[in-house]
1. Of all residues in the stretch 1-34, which are among the aliphatic types (A, V, I, L, M) and open to solvent by 40 Å² or more (accessible area, probe 1.4 Å)?
2. I'd like to know if the stretch 82-90 contains one or more residues that are modelled with pLDDT of 80 or more, among the polar types (S, T, N, Q) and over 20 Å from ASN10 (Cα atoms).
3. Considering only the stretch 283-291, I want to know if a residue exists there that is open to solvent by 10 Å² or more (accessible area, probe 1.4 Å), hydroxyl-bearing (Ser, Thr, Tyr), at pLDDT 90 or above and touching a helix residue (DSSP H, G or I) at 6+ places or on another chain (Cβ under 9 Å).
4. Being open to solvent by 40 Å² or more (accessible area, probe 1.4 Å) and closer than 27 Å to SER106 by Cβ is the requirement here; does LYS279 meet it?
5. When you scan the stretch 284-306, do you find a residue that is over 26 Å from ILE189 (Cα atoms) and part of a loop (DSSP other than H, G, I, E, B), even just one?
6. Quick one: which helices (runs of 4 or more DSSP H) lie wholly within the stretch 90-178 and hold at least 1 residues that are touching a residue at least 24 places away in the same chain (Cβ under 8 Å) and among the hydroxyl-bearing types (Ser, Thr, Tyr)?
7. If you scan the stretch 94-122, which residues turn out to be closer than 20 Å to CYS158 by Cβ and either modelled with pLDDT under 70 or open to solvent by 30 Å² or more (accessible area, probe 1.4 Å) (or both)?
8. For the stretch 240-275, name all the residues that are open to solvent by less than 10 Å² (accessible area, probe 1.4 Å), touching a Phe, Trp or Tyr at 6+ places or on another chain (Cβ under 9 Å) and either of a type in the set (Val, Ile, Thr) or part of a loop (DSSP other than H, G, I, E, B) (or both).
Amino acid sequence: DAKAYAFLLNVLAPEYCNPLTLDTKHATERAKLVLDHAEKMGCKRYLSPEDIVEGWTNLNLAFVAQIFHERNGLSVDSKKISFAERITDDVQLSRDERCFRLWMNSLGVENYVNNVFEDVRNGWVLLEVLDKVAPGSVNWKQATKPPIKFPFRKVENCNQVVMIGEMLKFSIVNLGGNDIVQGNKKLIIAFLWQLMRYNMLQLLKSLRSRSRGKEITDSYIINWANRKIKSTGRSRQIESFKDKSLSSGLFFLELLSAVEPRVVNWNLVTKGESDEEKKLNATYIISVARKIGCSIFLLPEDIMEVNQKMMLTLTASIMYWCLQNSPEECETSNGYSSTYASDASSPAPSVNGEDESSSLCSEVPSLTIDDATSDITVSSSQFENGENTTVE
């Protein structure tokens, strides 16, 4: 009906405002006055009033773009920005949202996720993710596909999400379907950590088949990384994923060089002493890891601040890539020896960039939002009997 255009142009160019525009009852006549207004602003007339009234998408999109080009109404005067508009979101929640968004999209869900906290509120995307991670777990006959008109249908979808989470032995304390519909960020993040963790456990299970039944823990992955670096003649080692020396990025660069000697250009590596040097190294680590095909979801700041969960995820992703691309690798430390060979039955990693996740072989050390210290053990009996893995 061209009313939105009339209001918009009256705000952007009030000097050309025509009172008759909004008083006109006929939509086509109103659209004609809108085009007259736009022409006075400098917008060339290349669409007709009928094009607006009939809602031709491409023509209207081009018209809006032309209006934006001539008069966007944006201001760079920070004094005019209200205090509320200056308040930024929680930094950690923003990072978590990005991590989960990339992971969810990497699973190949039909509906692309642009914002986790908004897009999961109807429950459908979460059902798609659950179906990818735990095939056959979703009862699609009881699910409602978007667009969803009735709120209770969204609650039904989210209730099924919670029910499947309970079936998969997730900790669902204080989480109901309505919490997801209402967009409770912390509860959504807590659920997604467990969902991502479940997906990672399946990859760890495939790794276990190569370690002759030995348990896979974060210590196991650390020992593998330390031995890998030591095998190249370097001496840099870490004791845990909370080791502050990780902030320099040098450990990961040496690890990447150990698994693929040609991938690191040491002329681009800094000493990692200042924050600026650490960020350069961290950015380079992410670039190199993606280049060889590792699935990476963390930010440079996660390395600089030594985010324990992300350190484990990064190391395990490099480990998984190495094992997938090495025909045979022997482990001799910690008093045991195990042979890693390619396993056709294990899931092969994707190697196409940051939106790939299936090559992750990591375990999240905590199911909560904080970075509490923990050590998760994955045993064969738990996988075989379907028991829930405990977090100490």
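The values are calculated or read from the model by the stated rules, or taken from the named source; none is laboratory data. These numbers were taken from a predicted model, which means no experiment stands behind them. Cβ: placed from backbone, ideal geometry, glycine included. Neighbour counts: every protein chain shown. Ligands, DNA and RNA are excluded from the accessible area calculation, which covers all protein heavy atoms including side chains. Shrake-Rupley method; radii C 1.70, N 1.55, O 1.52, S 1.80 Å.
1. ALA4, LEU8, VAL11, LEU20, LEU22
2. Checked against the condition, which is being modelled with pLDDT of 80 or more, among the polar types (S, T, N, Q) and over 20 Å from ASN10 (Cα atoms), the stretch 82-90 yields no hits at all.
3. yes
4. Yes.
5. Yes, the conditions are met somewhere in the stretch 284-306.
6. Per the criteria, 91-106.
7. Correct list: ARG101, LEU107, GLU110, ASN111, TYR112, ASN114, ASN115, GLU118, ASP119, ARG121, ASN122.
8. Once the filter is applied, which keeps residues that are open to solvent by less than 10 Å² (accessible area, probe 1.4 Å), touching a Phe, Trp or Tyr at 6+ places or on another chain (Cβ under 9 Å) and either of a type in the set (Val, Ile, Thr) or part of a loop (DSSP other than H, G, I, E, B) (or both), the stretch 240-275 yields only GLY249.
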